[in-house]
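Novice: Structure incoming, see below.
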Amino acid sequence: MSAPRLEIDLDKIYHNARTLVERLAVRGISVTGVSKASLGCLAIASVMLRAGVRSLGDSRIENIEAMRNAQAAVPMTLIRSPMLSQVVRVVTQADISFNTELDVISQLSSAAQKAKRIHGVVLMVELGDLREGIMPGDLESTVRETIRFPNIVLKGIGTNLACRCGVSPDANNMAELSELADSIDAIFGPMLSIVSGGNSANLEWALSGADTGRINDLRLGESLLLGCEPLHRQAIDGLHTDAITLIAEVIESKLKPSQPWGEVGQSAFGVTPSVANRGNIFQTILAIGQQDIDPNGLQAPSGIEILGASSDHLIVESGRCLPAQVPRSASS
């Protein structure tokens, strides 16, 4: 088989998704399965749906189109604000999109009218993480304008936390989102069917027993695929953390000093490495690098330590006594 490659255990992803769907259902929260990490892979999306996720969400219209082309007839949400250059594709392929700009919603309206389609909108609210979002004080006026656009239906409001600045979802900011939803429904009449509280970082709050208020949707990707929560990168009890395995081929395995010698400057990535002297070690090089992966996001198997990476090489310590081997043939 070719390398590098990902080996994906769909049964483990199903278990993770089903477990979280059931735990959140008790709290009155449904799950939007986020497919962006798998580039809209229909096999993974299908497993999420079979496990009970309410709909699929993706940040790239290309991934939504790929799933539509694979005959995925399920509700799909574009969870990043649409680009103006893509509004026609958005209203054609996505049932709902997350929005913050009236100019974009206006163009979605025009495109929806031409396509004879109704397009749903979720307005994103800024609650502190300083990524996308309408300031809370501007939400009422934005709603007032949004509901005037032909072929646009306001489906709900949402927020995103813990992505840019690491602001944690908690009782205070989730209560604020609930209060905003109540305020909008009180002013304009009941209209918000979706109150989307955030992503996998919300799980600690959502499963803590705290009052979930109006929050009835979470957008989960990392927790379904990796079995961990993003705030502290800790495994979630009862979930698999090894559903996805990266396989790379060994291209060198030698006993080498653990510490470089000579005058040391910056590496290719602008850092000056600090390496402890641990004597000679079995150093193994895998044919994959920072062009392909973020080495900081990898979790090595027991007995392997990731030492660093260049653009095309991943360097690991494979143990002091038993080195990894270069394969004897291309089929090994």
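Novice: With the crude spin-label approximation of a point 7 Å out along Cα→Cβ, what separation in nm comes out for Cys163 versus Phe269?
Specialist: Here the modelled spin labels are 2.3 nm apart.
Novice: Something else about it: Order these by the 10 Å Cβ neighbour count, fewest first: Phe188, Phe269.
Specialist: Fewest to most other Cβ atoms nearby, the residues stand as Phe269, Phe188.
Novice: What's the exposure ranking of His240, His119, His313, going from fewest to most Cβ atoms within 10 Å?
Specialist: His313, His240, His119
Novice: Same structure, new question: Mind telling me which of Leu218, Leu123, Leu39 comes out most flexible in a GNM of the chain, alpha-carbon contacts under 10 Å?
Specialist: Of the options given, Leu39 has the highest mean-square fluctuation.
Novice: Out of Ile96, Gly197, Gly156, whose Cα points farthest toward the positive end of the dipole of the chain (charges: +1 Lys, Arg; -1 Asp, Glu; placed on Cβ)?
Specialist: Ile96
Novice: Helices from the chain with mean Kyte-Doolittle at least -1.0 and a Cα length along the axis of 20 Å or more, per DSSP H: which?
Specialist: Membrane-span-like by this criterion, though nothing is claimed about a membrane: 10-25, 171-188.
Novice: Measuring from label point to label point, each 7 Å out along Cα→Cβ, what is the Ser30 to Glu176 span in nm?
Specialist: Here the modelled spin labels are 2.7 nm apart.
Novice: What FRET efficiency comes out for the pair Glu22/Phe188, r = Cβ-Cβ distance, R0 = 45 Å, nearest 0.05?
Specialist: According to the calculation, E is roughly 0.85.
Novice: Give the lysines whose C-alpha is closer than 27 Å to that of Lys116, dropping any in the same chain fewer than 8 places away, or say none.
Specialist: Lys116 reaches Lys155.
Novice: Order by neighbour count: Cys228, Cys41, fewest other Cβ atoms within 10 Å first, most last.
Specialist: So the residues, fewest neighbours to most, are Cys41, Cys228.
Novice: Another one. If the elastic network links every pair of Cα atoms under 10 Å, which of Leu192, Leu225, Leu239 fluctuates the most in the Gaussian network model of the chain?
Specialist: Leu192
Novice: Springs between alpha-carbon pairs under 10 angstrom, Gaussian network model over the chain: which of Gln291, Gln93, Gln107 fluctuates most?
Specialist: Gln291
Novice: Which one, Thr284, Gly262, Ile315, is farthest towards the positive end of the dipole of the range 248-317 when Lys and Arg carry +1 and Asp and Glu -1 on their Cβ?
Specialist: Of the listed residues, the answer is Gly262.
Novice: For Leu130 and Glu101, FRET efficiency with R0 = 22 Å and r from the beta-carbon atoms, rounded to 0.05?
Specialist: 0.85
Novice: While we're looking at this one, here's another question. Nearest 20 debye, what's the magnitude of the dipole of the chain about its Cα centre given +1 on Lys and Arg Cβ and -1 on Asp and Glu Cβ?
Specialist: Dipole about the Cα centre, nearest 20: 860 debye.
Novice: As a check on your grasp of the helix formula, calculate [θ] at 222 nm for the chain: sum -39500 (n - 2.57) over DSSP H runs of n ≥ 4, divide by the residue count, round to the nearest 500.
Specialist: One gets -8000 deg cm²/dmol as the mean residue ellipticity at 222 nm.
Each value in this text was obtained by applying a stated rule to the coordinates, not by laboratory testing. Since the structure is predicted, the reported quantities are computational estimates derived from the model, not experimental observations. Glycine also receives a Cβ, built like all others from the backbone with ideal geometry; neighbour counts cover every protein chain displayed.
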